[in-house]
Amino acid sequence: MDKPVPSARPPRIELRAIAKHFGRGETRVDALPDVTLTVRAGEVVGLRGTSGCGKSTLLNTIGCVTEPTSGWMQLDGEPIYDGRYLRRDLRRLRLTKIGFIFQTHNLLPILNATENIAEAMELAGSGHTDARKRAETLLDYFDMHQMRAYPSQLSGGMAQRVAIARAIANDPHILTST
Ligand SMILES: Nc1ncnc2c1ncn2[C@@H]1O[C@H](COP(=O)(O)OP(=O)(O)OP(=O)(O)O)[C@@H](O)[C@H]1O
Ligand SMILES: [Mg+2]
């Protein structure tokens, strides 16, 4: 029998023995024990566990928001962490590779719905007109027709849809939702 052909595409997320502790001495908290995890393109992974078990810490680590204490991490085949961050431009990495959906939507209050999405695209390098056009297309896709409304004028569900549109606006390969 033929051997299975390995997938040409590297996993989207690959963690090996990723650990994170906060604090030191008596107040030290081991938030992540050595976590080894592989997530491939198209996979949807849910995290379940008791409060304080490390779910958010894990997602923040994958999102390069929280620096691990040790271990190895690769995103899209690119080594990101190996005892230290291997890339300097983590901000750019977050903008282009990872979409974040927060439990509380975290929209910018001084920007309207369209601008909240377009801003994320412009920060990643899109032109103003293209960004606005795509923002409107995404809002339309999510049936969010109050495109000029500010976050304070939106219902919870509407704000969350804007936040989801913003998270996918730059076509990230990894989407995290807390
Ligand atoms: N910035 C921090 N400083 C110190 N300890 C932290 C910090 N962030 C998280 N922790 C600790 O790390 C552990 C894991 O927290 P985390 O927020 O990842 O849990 P969680 O699984 O997301 O919980 P929940 O279901 O309540 O959201 C907890 O003991 C928490 O107190
Ligand atoms: Mg949490």
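When the helices (runs of 4 or more DSSP H) confined to segment 82-178 are screened for residues that are over 18 Å from the mean Cα position of the chain (by Cα), those reaching at least 2 such residues are found at 113-123, 128-141, 156-168.
Residue by residue, here is whether (1) assigned to a loop (DSSP other than H, G, I, E, B); (2) within 13 Å of ligand 1 (Cβ to nearest atom) holds:
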| position | (1), (2) |
| --- | --- |
| P33 | no, yes |
| L37 | no, no |
| V44 | yes, no |
| L47 | yes, yes |
| T50 | yes, yes |
| E67 | yes, yes |
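When D76 is tested against (1) under 26 Å from A169 (Cα atoms); (2) within 15 Å of ligand 2 (Cβ to nearest atom), just one condition goes unmet, and that condition is (2).
Could you list, in sequence order, the residues of segment 31-73 that are more than 16 Å from ligand 2 (Cβ to nearest atom) and of a type in the set (A, V, I, L, M, F, W, C)?
Of the residues in segment 31-73, the ones more than 16 Å from ligand 2 (Cβ to nearest atom) are 33-34, 36-44, 64, 67-73.
Result: L37, V39, A41, V44, C64, W72, M73.
Taking the options R84, R134, name whichever one is surrounded by 17 or more Cβ atoms within 10 Å (Cβ to Cβ), among the charged types (D, E, K, R) and either outside the structural domain of M73 (by TED's automatic domain parsing) or modelled with pLDDT of 95 or more (or both). Talk me through it step by step, then tell me what you get.
Numbers: R84 fails: surrounded by 17 or more Cβ atoms within 10 Å (Cβ to Cβ).
The conditions single out R134.
The values are calculated or read from the model by the stated rules, or taken from the named source; none is laboratory data. Because the structure is predicted, anything quoted here is derived from the model rather than measured. Positions of Cβ are generated from backbone atoms using ideal geometry, with glycine treated the same way; all protein chains shown enter the neighbour counts.
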